[in-house]
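The values are calculated or read from the model by the stated rules, or taken from the named source; none is laboratory data. Nothing here was measured: the structure is a model prediction, and the numbers come from that model. Glycine also receives a Cβ, built like all others from the backbone with ideal geometry; neighbour counts cover every protein chain displayed. We work out accessible area using only protein heavy atoms, side chains counted, and drop any ligands, DNA or RNA first. Shrake-Rupley method; radii C 1.70, N 1.55, O 1.52, S 1.80 Å.
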Amino acid sequence: MFSVKPMKPTFKCYLPPVQTNVKETIEPPIKKLEPKLLPGEIVVNEVNFVRKCISTESSQDDLWGKLICTNFKVSFIPQDAPPKQKSQLSHLLLGEHDIPLTCLEQVVTVNDTKGKKKVLGSNQKLKFNPTELILYCKDLRIIRFCFDEAGPESAKKVCLAIAHYSHPADLHLLFGFEYQGRRYHESKEERVNGSTPRGGLQTPIFDRPSDWDREIKRTGASEWRVCSINENYAISPSLPEYTVVPVSLADQDLKRHSLFFTDNRIPLWCWNHPNGSALVRMASICDPAQQKKIEQKVFNAITKSHPQRSDVFRYDLDKCLPNIQDIQSAFVKARQICVIDPFEESEERWLSSIENSRWLEHVRAVLKQSAEIVYCLDGKNASVILQEEEDRDLSCVVSSLVQLMLDAHYRSLIGFQSLVQKEWVMAGHRFLDRCNHLKRNDKEESPLFMLFLDCVWQIINQYPAAFEFTEVYLTVLSDSMWIPLFSTFLFNSPKQRAQHLMDFAKNKAIPQGEDQVLYFPPVWDWSQQFSTKNQTLFNNPMYIGKGAACVQNGEVKTFRRTKQKTYSSTLRGTPASLRNGLKGGEDALPRRGSLVSELKPDFSPVKDESPSERFFRDWFSQPADQQGLLIPLLMPSHVALWKLFFLRWVPEACIPKGGPITAYHKLSQLVDEIEILQSQLRQYKGPSPGTTPLPSPSGPPLDQRRMYFKASSPNDSPTPPDFLTSSFPFTPMGNLCRRTVHGTPISKFLNGARIWLSTETLANDTV
């Protein structure tokens, strides 16, 4: 403390200094800009007279205000906030100009006059006074602040504070632990008065035998049982306490075999096909001497669980698919091309760059591998083992996609959330390392969950009526990875989660035995982030649910899920005009530049076709049942860039009054109108002599309607509101700032090319 050497920065030195800015003494007092703070959130440092750069060409649209660093977020409070749009996605925890500290990828300080630039880490010194701060975010935003008028020392301190607090030394320093502790105690009275099971959460967490039992019954896996040998994580630290194993395998045998698997991970049941075949995932066997013997026992047990004693196929994902470093490298390149690089090249060059990043190639490879496994389970009536060295990365991606293609339950919102909970959270995907929340090891970082969400979007893009949720939901889910207030994406394993939450409960004086979901909820409790109205943006108006009727060849047919030997010949049912459930005409457009120019079906008939080719050809030759088996088209031309994710902050890519949201707007209004009419019919009591029925004119109350956009009255104008853009419900303004952008090829391309973009993205042409 009394050393003459300069001290390393500490948390204390980041507290806001007494404001001595000369500008404040000269000018009249400005209105006080106060941040909105959550329970347990404190201001660490702040600086006034900061300019947030909005326009790339001039500063006239820039916002002036206060930049604040708290123990949760970086917050900018504009001095004169622009008039709010009539509607946009409003976050209950974050403001329009807020960035969670966990969302920061890089904190870069710049001094224009000296031509210096520095990437800041934790406890670092800054030898120059910054004139600019550039924040590179994990949700692909790039936000720039200028300190033209701010005090240089205050600017330096706020930059150091942001860098320091975005590199927490320990998991418990993440703000979620403070916030959820305060929230738990504040809401204690409400819970006592109106307690609901698991906090009212509908999504199964798979941390108890009953959740697994229900899944066994739902899939008809009669030859499988819930096993509890890993209770208290006695066998493997990375597996859940309860797993599902073949009935024929005794607990003692499993305990003995577990010693030879990586991290003692015994094989993990995922799902059962109605024909009896099972999907199982398994880690590598460490001891080569025991490998054959143990594999034989596992294979025999899985074979016995099948009604026809069918063969078991194994897929080694480490050999079949790119490794996690390749996936990370491809994602970084794709992000660079979409967000960081200026769009100065020709359109064809830009498309080639996207292709050369290899991100879409990896998306396609994962989908293709998943489709092959679907063929084994469905077409060959055989069980499948997915093998990966640790069974915690690519296994999560592939097993989830296979189930999504085969089982319509997982295409509902609750079903999809249960799938992520089962195959990612409880199966031990290392979210803490792969998301690099503590910014300790860049080599461990890899966007595997993002790869999965992109693959899901590809299937939604091809079969828009098969999913209950929208791409807005997928994007919001990807954003939630960087908000450290939920237990879902914070830990590497169920054991680590249980241990940290037990320590957390002790520190916060939470009674022992209380359900963790009550005091540290998963991300599936969406009411913490969004209002009921905003959550309706997750609902797909085109969704064909179970039992929904469709018209085919002039007859009304109803989808029924039947337990037959295979799905391929029994589950069909969309109108022939939607070939394979695709939006009409999309698969017949040629691509430009270096991409494949001819679109042929992936599995075209040949003289000596294999059984798998015949299976796929038969499937693609008939209309797809949105509630049955779904197989995505896999030619490179069919795998598109997920624009809402990669380009949502890019101003040039934003189509005013256009894009998919225009179609969503119209469809929502139609669905809402239908629901109002149905409600009125339900209220209609039937005519009685001499009376006229008076149905309710309004239908369901506003807060109970399923769609975000409400049906308008006949007198209202049919044109969409002014605030709609292709990036709705996100706000691109000021969330991406590049230095020089002049009429780029990407903007021309978005306005004119119907080749790369699907026709629905150019819906503004008809507005």
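Rounding to the nearest 20 debye, state how big the charge dipole of region 209-556 is about its Cα centre with +1 on each Lys and Arg Cβ and -1 on each Asp and Glu Cβ.
Numbers: 36 positive and 44 negative charges, 179 e Å.
So the magnitude is around 860 debye.
Nearest 0.05, what FRET efficiency do Ser210 and Arg349 give at R0 = 41 Å with Cβ-Cβ as r? The partial results should precede the final answer.
Working: r = 56 Å, r/R0 = 1.37.
Using R0 = 41 Å, I get an efficiency of 0.15.
Taking K and R as +1 and D and E as -1, what net charge do the other residues with C-beta under 14 Å from the C-beta of His172 add up to?
Details: positive: Arg497, Lys506, Lys508; negative: Asp170, Glu178, Asp503.
Net local charge, His172 excluded: 0.
Can you flag which of Lys255/Lys304; Lys32/Lys116; Lys127/Lys439 are past 28 Å Cα-Cα?
With Cα atoms farther than 28 Å apart: Lys32/Lys116.
What FRET efficiency do you get for Ile42 and Ser713 if R0 is 35 Å and r is their Cβ-Cβ distance, rounded to the nearest 0.05?
Values: r = 49 Å, r/R0 = 1.39.
Here the calculated transfer efficiency is 0.10.
Got a number for carbon plus sulfur as a percent of region 209-556's accessible area, 1.4 Å probe?
Numbers: 5680 of 11980 Å².
C and S fraction of accessible area: 47 percent.
HN-Hα J couplings of region 467-484 from phi, Karplus 6.51/-1.76/1.60, θ = phi - 60°, integer Hz, Gly and Pro as x?
10, 6, 9, 10, 5, 4, 4, 4, 5, 4, 5, 5, 5, 5, 4, 9, 10, x
If a/c stays under 1.5 just call it rounded; otherwise compare a/b with b/c (prolate if a/b is bigger, oblate if not). Do that for region 209-556, with a ≥ b ≥ c from the square roots of the Cα gyration tensor eigenvalues. Intermediate values should be presented prior to the final figure.
Numbers: a/c = 1.32, a/b = 1.19, b/c = 1.11.
In terms of gyration-tensor shape, rounded.
Which FRET efficiency value, to the nearest 0.05, is calculated for Cys286 and Lys116 with the Förster distance at 60 angstrom and r the Cβ-Cβ distance?
Calculated transfer efficiency: 0.75.
Which shape class applies to region 43-167: rounded if a/c is under 1.5, otherwise prolate when a/b exceeds b/c and oblate if not, where a ≥ b ≥ c are the square roots of the Cα gyration tensor eigenvalues?
Working: a/c = 1.72, a/b = 1.27, b/c = 1.35.
Since a/c reaches 1.5 but b/c is at least a/b, the shape of region 43-167 is classed as oblate.
Where Lys and Arg each count +1 and Asp and Glu each count -1, what net charge lies around Gln529 among other residues with Cβ under 15 Å from its Cβ? Present the calculation step by step, with values, prior to reporting the outcome.
Working: positive: Lys36, Lys73, Arg183, Lys533; negative: Glu96, Asp98, Asp139, Asp479, Asp525.
Computed value for this residue: -1.
With the cut-off at 1.5 for a/c, could you classify region 364-435 from its C-alpha gyration tensor as rounded, prolate or oblate?
Values: a/c = 2.03, a/b = 1.28, b/c = 1.59.
Cα axes put region 364-435 in the oblate bin.
What trypsin sites (Lys or Arg not before Pro) does region 214-276 have in DSSP loop regions with at most 11 other beta carbons within 10 Å? Spell out each step's value before the answer.
On the way: sites: Arg214, Lys217, Arg218, Arg225, Lys255, Arg256, Arg265; in loops: Arg265.
Filter output for region 214-276: empty list.
So, counting K/R as plus one and D/E as minus one, what does the shell of residues with Cβ under 13 Å around Arg208 add up to? Each step should come with its number before you reach the end.
On the way: positive: Arg198, Arg214, Lys422; negative: Asp207, Asp211, Asp213, Glu215, Glu231, Glu241, Asp515.
That works out to -4.
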